[in-house]
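Just below is one structure, and these are the notes that go with it.
No lab work stands behind these numbers, since they all come straight from the coordinates. This is a predicted model, so every value here is computed, not measured. Cβ placement follows ideal geometry from the backbone for every residue including glycine, while neighbour counts extend to all protein chains displayed.
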Amino acid sequence: MKHLIVVNGNAGGFNKELEEKINEAFKGLDFEIYKTTGPRSVIPFLKEYLKKTKDTVRVYACGGDGTVHEVVNAVIGASNAEVAIFASGTGNDFVKIYGGKEKFQDFKTLIDAKASPVDVSELVGDGVKEPLYSINVINFGFDAIVGAMGNYYKENGLPEEAKKKGLGPYDYALKHDAMKHGRFNDIEVYADGEKLNEKQMLLATLAQGQYVGGKFRCAPKSINNDGLIDVCVLKTMTFLGLGMIIGTYTKGNHLNRKRRKVVYRRAKEIKMVSPKDFDVCVDGEMIKGNNFTVKVVPGAVKLVIPQ
């Protein structure tokens, strides 16, 4: 077996301490370190790497959910690839389904652990040149607007109004954009052909994992090897209603009883359509379009799960 360790090549992502940990843990094994050079750079490299060898390659995604997302999108379709996660990001939402990132911070444990097949969600549609794969959560509506506009302000600078108030890019996106314009999204959601909402909705999540946004347990019942996608739609609601449900949504208690504003299904195929483009977040990667289809791909990734 070959071991390929993918690390963030940007400043701070790879340091002497991490290098020493890797060299010690993999001593005597066939291993190689790949330093990313920018967003998605690992995808073409890894696809070509896997084609050139017949050996099983255990790929270690060292970082957060973004690094895991890129590695997953690179190994889809490669029968000789396994994915291990060395959790060193800020959110690390995906590994919370297995108890949290503390279980994924030891290379020796990851080397000894076995790989098991898990499901992913495949997204195709407008604005997507090739299928995108999600191992954690696809979300759109209110929170995706925060992500998209937060990225915009981060790249292009904040307005003077935000600077005077001491707001960061995502705080300003929440208060200025999502709160004002993000509660009434003209997006229709269909799960295995069933229409889940009327024309407008607040937000929706399509999950293989359970957590999104660093703290929200959006899909507490999700099982990532059952051949299904957990779909949750929150319908448009008042500010008061949003304030009342946010606590239960954060803790994952929003499915504990029947709620008029919450629709929950398990499905194999989801369609999202809108008369205008809307933002979609795929494991943190932002895209835009107005017509998408998401299908489950059972057992698409061999995931290394520490015991």
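Please tell me which of these pairs span more than 21 angstrom C-alpha to C-alpha: Lys195/Lys258; Lys215/Lys268; Lys108/Lys302; Lys221/Lys261; Lys129/Lys302? From the list (Lys195/Lys258; Lys215/Lys268; Lys108/Lys302; Lys221/Lys261; Lys129/Lys302), the Cα-Cα distance tops 21 Å for Lys215/Lys268; Lys129/Lys302.
Applying a DSSP loop filter and a limit of 13 other Cβ atoms within 10 Å to the chymotrypsin sites (Phe, Trp or Tyr not before Pro) in the stretch 135-233 leaves Phe184. Once both axes come from the Cα atoms, what is the angle between helix 239-251 and the longest principal axis of the chain, in degrees from 0 to 90, rounded to 10? Helix 239-251 sits at roughly 30 degrees to that axis. Each Lys and Arg Cβ is given +1 and each Asp and Glu Cβ -1; about its Cα centre, the stretch 124-298 then shows a dipole of about 840 debye. I'd like the distance separating the alpha-carbon centroids of the stretch 67-115 and the stretch 44-58, in whole Å. Result: 17 Å between the Cα centres. If you wrap the stretch 168-267 in the convex hull of its Cα atoms and look at it from every side, the mean projected area works out to 6.8 nm². Helix 16-25 and the longest principal axis of the Cα set of the chain meet at an angle near 60°.
Applying 1/(1 + (r/R0)^6) with r as the Cβ-Cβ distance of Asn256 and Asp226 and R0 = 25 angstrom yields a FRET efficiency of 0.80.
Estimated at 0.36 nm per residue, the fully extended path between Thr56 and Asp106 surpasses their Cα-Cα distance by 15.9 nm.
Both the radius of gyration and Dmax for the stretch 124-298 are 15.7, 49 Å, in that order, over alpha-carbon atoms.
Projecting the Cα atoms of Leu110, Met179, Ser88 onto the charge dipole of the chain (Cβ charges, centred on the Cα centre) puts Met179 farthest toward the positive pole. Using a cutoff of 8 angstrom between alpha carbon atoms and counting only pairs six or more residues apart, the relative contact order for the stretch 1-160 works out to 19 percent. Here Met1 and Asn151 are evaluated by their C-beta separation; at R0 = 45 Å the FRET efficiency comes out at 0.75. One quarter of the convex hull surface built on the alpha carbon atoms of the stretch 38-145 amounts to 7.9 nm², the projected area averaged over directions. Ordered by the count of other Cβ atoms within 10 Å of each Cβ, fewest first, Glu160, Glu122 give Glu160, Glu122. Just the Kirkwood number for the chain, please: inverse of mean 1/r across all distinct Cα pairs, in Å, one decimal. Result for the chain stands at 20.2 Å. Take each peptide in 289-296, 86-93, count the other Cβ atoms within 10 Å of every residue, and average; sorted highest first, the result is 86-93, 289-296. Summarising the overall dimensions of the stretch 95-214 from its C-alpha atoms, the Rg and Dmax are 18.4, 53 angstrom. Residue separation of Thr248 and Lys180 scaled by 0.36 nm, minus their Cα-Cα distance, works out to 22.2 nm of gained length.
On full extension, the segment bounded by Lys163 and Thr293 gains 42.9 nm, given 0.36 nm per residue less the C-alpha separation.
Using a Gaussian network model of the chain in which every pair of alpha carbons under 10 angstrom is joined by a spring, one finds that among Lys52, Lys288, Lys175 the greatest mean-square fluctuation is at Lys52. For the chain, the longest principal axis of the C-alpha atoms and the axis of helix 42-52 are separated by about 40°. Of all DSSP bridge pairs formed entirely within the chain, close to 75 percent run antiparallel.
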